[in-house]
Structure formats: C-alpha cells, structure tokens
Number of protein chains: 2
Amino acid sequence: MAFDAPTSRTRINRLPKRGDYSRETIYGILDAAFLCHVGFVVEGQPYVIPTGYGRAGDTLYLHGSAASRMLRTLAGGVDICVTVTLLDGIVLARSAFNHSMNYRSVVMLGRATPVEGDAEKTEALRVVSEQIVPGRWEQVRKPSVQELKATAVLALPIAEASAKIRTGPPVDEEEDYALDVWAGVLPLAMKTGAPVPDPRLDPKCAKVPEYLERARRKQS
Amino acid sequence: MAFDAPTSRTRINRLPKRGDYSRETIYGILDAAFLCHVGFVVEGQPYVIPTGYGRAGDTLYLHGSAASRMLRTLAGGVDICVTVTLLDGIVLARSAFNHSMNYRSVVMLGRATPVEGDAEKTEALRVVSEQIVPGRWEQVRKPSVQELKATAVLALPIAEASAKIRTGPPVDEEEDYALDVWAGVLPLAMKTGAPVPDPRLDPKCAKVPEYLERARRKQS
C-alpha cells in the first residue's frame, strides 16, 4: 500500500505543498528520529506523552511499563495519533508574519495492538533499541522473563500517515525585501555530547564502544 | 495557585519521584523550549501537531493560520493537551531493561480561548516571537491589520500542569554492575548552527545581528 492517496484525516490542508504521502519520505523521517509524541484520549481528555519508538517494515513499535496508564490505554485498541518531529531551523523573515520553522514531521493515525509472546516482544524491543542506539542491543544483557512481563510492547501498523516538510529560506512579501533586516535560517539539530561514564563504571569497561562513537559522529 | 496539589489527571503515576508540580520547575522547562506538541480531538480521533509557543505569566500563547484545522478546533474551547519535551540524553544501562532517557517534560491540560483585538494579538505574537528568538521582534516589520486577521492567536491558562524529569546515570540491577558493558549517558541537546543568510539578502544587511549570535551561544 502506498500513502500516495491520503485519507481525509491525513490530507495536509494548510499549505498542501508541504504535504508528502510517500512511504520513502515518511520512513526517511521516522528512521532519522527515535522520539515520538503519542496522543490518546481518556474520558474525552486528550493526552500527549513523549516516548521512544522503533520502526520495522510497516510497523511502529512502542514500549513501556505494563503498569503505565498510556500503555494500558493504548493496549485497549483505541484511536491514537503518533507524531514525530525533527526541527531543522528557525526561518527568520523580514516581517514577523512570515517567520516560520524548517522541520520534517510525520503524523500517524491508527490503533495499536499488544505484541504477545516472549520472542516477539524481545524482537520488538530489539527494534526499539537499535533505532535509538544502533549496535547497543548486541552488547547488553537481554530482558529476563520477569522483565518482559513488566514491559508492554505495542505494534502500530503504519497505514494512515502523512509527512509535512518545510525547507529553505524565508519567503517575504516582495516589498519587504527592501527592509534593512537580516534574514535567513538559524539551523537547529539535535547533537550528541561526549559520553558521560556511569560513576560506577568498572575501569575495565572504560573504553567508549565504537557504535557509540559512530552514533556521536552521525549526530554531531 | 500552586501546582503543588496535582489533579487526578496530572498526577505522575509511573515513577512518581520523577514528578514535579512546582511553578518554578514547570516554567523553567517551558522557558527553555519553544516547540510544543498540541493534542486535540476531532470526531473521537486524537491529533498531535507540533507548533511554536510563548509563555507570559500564567498563560501559554499559541498561534497559526486562522484557516488551520487545529486553530479552528482549539478556538472552539475544546479540551486540549500541550506537551513540551526537552531531551537531555540517552541513558545506557548494562541491561536492555534499564535503558532510559534523561529529559524534562511538561504536560498541560485545559481549554484555550481566542485572543481578540489587534493590540492584544500583537502583544501575544510578540511573546511567541521573543520566546523563539529573543530580540528579533524589535527588528522586524510588525503584523499589518490584514496579517493579524489571517492569524489566530490562542491563550491557554496554565492551570493544570505537571513536569516529569529524569537526570543522572543509569540505575542497574545490583548483579549487572559486574557485566563487561560500558554504561553511562550519551548527552543530547538541540544546537544551533551558523546562520544561513537568505540568498536574497541585501549585502547591506549581511551582518548577523547580535541577538542571533546570543541565541547561538546559548544553545551551542
């Protein structure tokens, strides 16, 4: 299935030229991030909660404590919205009105279902872990049966989704270009700092793993 | 009013020690960011949309095109959730299970009301502008009557809110500290890059304004 035919719920109405429904664009944005904001409704009140995610194929995996309200609500198969936003810059125009932001965002609608079975849950958790720090999963102690029981894992089929993207310089009213105002873009990006060792790190483990150095280079 | 008495809707149930309801903490987080995710419901379906904001006193201001679905929906006085998330690091534990993130987030619930009157709207837009790039508003062309008409501005009273914060190193199971695994925190922060001039920038405006250099230093 392609997203090239947006539904009435995912069609970009405001500034439609910023809308994109191709799987390539949407998955490109999803794969460049690992934090999403999940929207769900409890007794008519919407809640928006930040959480990590992982994508594999056409599925988005979410996880959390089996005791959390969000995970319990989502597991009930309710309508949710998962939004991923990458902020790329502040667009500084000559008029206040034409200020904007450069960004890449994806909005996904659907219903999540619980991932059942220890092997299936472990694989989904691997996907989430690899999305956040590729290479880490291999090194760490895997979840015990007890830990799997305490963890809820949910799968959201990526079936109804849209991307919205803005790039490039400001667009001003023609007469404003003559104004004596600096205009352009202040780029923004999430950057990594130097890894901070756990105070309890055994000196024999002091060497920062190569995959972390890679993660650093990729982001900074 | 203090937030020291959380409502049943804003009380942090999961890991309550991460919860904080003080105005000082909540406003500190709000003032360190400018991007929020707004959750609202249309025909039972939640939507989560990223947008800029500004805070003045106990009010959060949102703005957008008067034609946007989000702004029109919000102006109807429906229940919304506004969430602000600052991601500070990836917490790398020795077990997959104890991985986490360091973050500061605020969840606000309430109903927004339209800001009416050109002077009031202009002042609210100034607040949003100053939150994003302090100093910019003074320099740019202010909104015309036409532009104000095309802009919807909403005020959300910050009355029901909670913060959630995690800081510090990983916390592992006692027996896992003996594992041969690097553990610690990979810091993350939104950083600015070098300002990119508009290709149409008049050479006489080429000097990057001091307030932009300040914004850069603050974030990078």
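The values are calculated or read from the model by the stated rules, or taken from the named source; none is laboratory data. The structure displayed is predicted, hence computed values, not measured ones. Cβ: placed from backbone, ideal geometry, glycine included. Neighbour counts: every protein chain shown. Heads up: the accessible areas ignore ligands, DNA and RNA and are worked out on the full protein's heavy atoms, side chains in. Shrake-Rupley method; radii C 1.70, N 1.55, O 1.52, S 1.80 Å.
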Residue list for the range A:111-144, given a label point 7 angstrom along the Cα-to-Cβ vector of A:Ala159 and an amide N cut-off under 11 Å: A:111-113
Within the range A:103-171, report the GluC sites (Glu not before Pro) that DSSP leaves as loop and that have at most 13 other Cβ atoms within 10 Å. A:Glu116
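Hey, with R₀ at 51 Å, roughly what FRET efficiency would B:Glu123 and B:Glu175 work out to, going by the Cβ-Cβ distance, to 0.05?
The value I calculate is 0.30.
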To the nearest whole number, what is the average tally of beta carbon atoms from other chains within 10 Å of the beta carbons of peptide B:98-105? 3
Can you give the log10 of the normalised intensity I(q)/I(0) at q = 0.11, 0.14 Å⁻¹, computed with Debye over equal Cα scatterers of the protein assembly as shown? -0.89, -1.43
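Ignoring ligands, DNA and RNA, how do A:Asp79, A:Asp172 rank by accessible area with a 1.4 Å probe, largest first?
Of A:Asp79, A:Asp172, the descending order of accessible area is A:Asp79, A:Asp172.
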Alpha-carbon Debye profile of the range B:9-157, log10 I(q)/I(0) at 0.19 Å⁻¹: -1.20
How much accessible surface does B:Thr113 have with a 1.4 Å probe, in Å² rounded to 10? 80
Exposure ranking of B:Leu74, B:Leu86 by accessible area [1.4 Å probe, largest first]: B:Leu86, B:Leu74
In Å² (nearest 100), what accessible area is buried between B and A, both sides summed, heavy protein atoms only, 1.4 Å probe? 7500
Per-residue average of Cβ from other chains inside 10 Å of A:173-183: 5
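Please find the FRET efficiency linking B:Lys207 to A:Arg200, where r is the Cβ-Cβ separation and R0 is fixed at 56 Å, and quote it to the nearest 0.05.
0.65
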Averaged over A:36-45, number of beta-carbon atoms from partner chains that fall within 10 Å: 6
In the range A:60-96, whose amide N lies under 18 Å from the spot 7 Å out along Cα-to-Cβ of A:Val42? List them in ranges. A:63-82
Sort shortest first the distances from B:Glu175 to its counterpart in every other copy, using label points 7 Å along the Cα-to-beta-carbon line, and give them in nm. 7.6
